[in-house]
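S.K.: I have a structure here, written as structure tokens, and I will follow up with some questions on it.
The values are calculated or read from the model by the stated rules, or taken from the named source; none is laboratory data. What you are looking at is a predicted structure, and each value in this text was computed from that prediction instead of being measured. Neighbour counts are summed over all protein chains in view; Cβ atoms, including those assigned to glycine, are modelled from backbone coordinates with ideal geometry. Accessible surface is based on the protein model in full, side chains and every heavy atom, while ligands, DNA and RNA are left aside. Shrake-Rupley method; radii C 1.70, N 1.55, O 1.52, S 1.80 Å.
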Amino acid sequence: MKVALDAKRCQGHARCAAFAPETFVFDDEGFSRVREGFENVKPELQEKVRRACTNCPEGAITISG
Ligand code: SF4
């Protein structure tokens with residue numbers, strides 16, 4: 001499973017990090033991105049990332065595979 005984040009959609013709600021803090025980090029302006037090296041989601045983090053995807057109000061997170 002892979003995860004991607006569309007920076008153009010992100011509004012900085014931080015809900016993604018509440019659900020999956022291992023996977024999402026924030027830049028200096030308060031917008032989220034996928035932590036480097038975490039684009040391929042480890043099995044133990046997949047449920048958290050699915051919840052983050054479902055709960056992003058902007059639809060900025062996509063998962064595949
Ligand atoms: S929940 Fe969505 S819009 Fe909010 S910071 Fe995370 S990716 Fe960005």
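S.K.: Cross-link partners among aspartates and glutamates for LYS2, C-alpha distance below 20 Å, same-chain residues fewer than 8 apart left out?
M.R.: Within reach: GLU22, GLU36, GLU39, GLU44, GLU47, GLU58.
S.K.: Another question, then. Got a sec to turn the phi values of the range 36-51 into Karplus ³J(HN,Hα) couplings, 6.51 cos²θ - 1.76 cosθ + 1.60 with θ = phi - 60°, whole Hz, x for Gly and Pro?
M.R.: Once θ is set to phi - 60°, the couplings for the range 36-51 become 4, x, 10, 5, 8, 7, 5, x, 6, 9, 5, 5, 4, 5, 4, 5 Hz.
S.K.: Let me ask you something else. Can you give the accessible area per residue of the range 2-64, in Å², using a 1.4 Å probe?
M.R.: Details: 4010 Å² over 63 residues.
Averaged over the residues of the range 2-64, the accessible area is 64 Å².
S.K.: In µm²/s, what is D for the chain at 25 °C and 0.890 mPa s, where D = kT/(6 pi eta Rh) by Stokes-Einstein and Rh is the Kirkwood radius from Cα pairs?
M.R.: 217
S.K.: Using a 1.4 Å probe over the heavy atoms of the protein chains, calculate the carbon and sulfur portion of the accessible area of the chain as a whole percent.
M.R.: The nonpolar share, carbon plus sulfur, comes to 48 percent.
S.K.: Further question: For GLU22 and LYS8, calculate 0.36 nm times their separation in residues minus their Cα-Cα distance, and state this gained length in nm to one decimal.
M.R.: 2.9 nm
S.K.: May I ask you to list the trypsin sites (Lys or Arg not before Pro) in the range 5-37 that are in a DSSP loop and have at most 16 other Cβ atoms within 10 Å of their Cβ?
M.R.: LYS8, ARG9, ARG35
S.K.: With θ taken as phi - 60° and the coefficients 6.51, -1.76 and 1.60, list the Karplus ³J(HN,Hα) couplings across the range 56-61 in order, rounded to whole Hz; mark glycine and proline as x.
M.R.: Here the 3J(HN,Hα) series is 6, x, 9, x, 7, 9 Hz.
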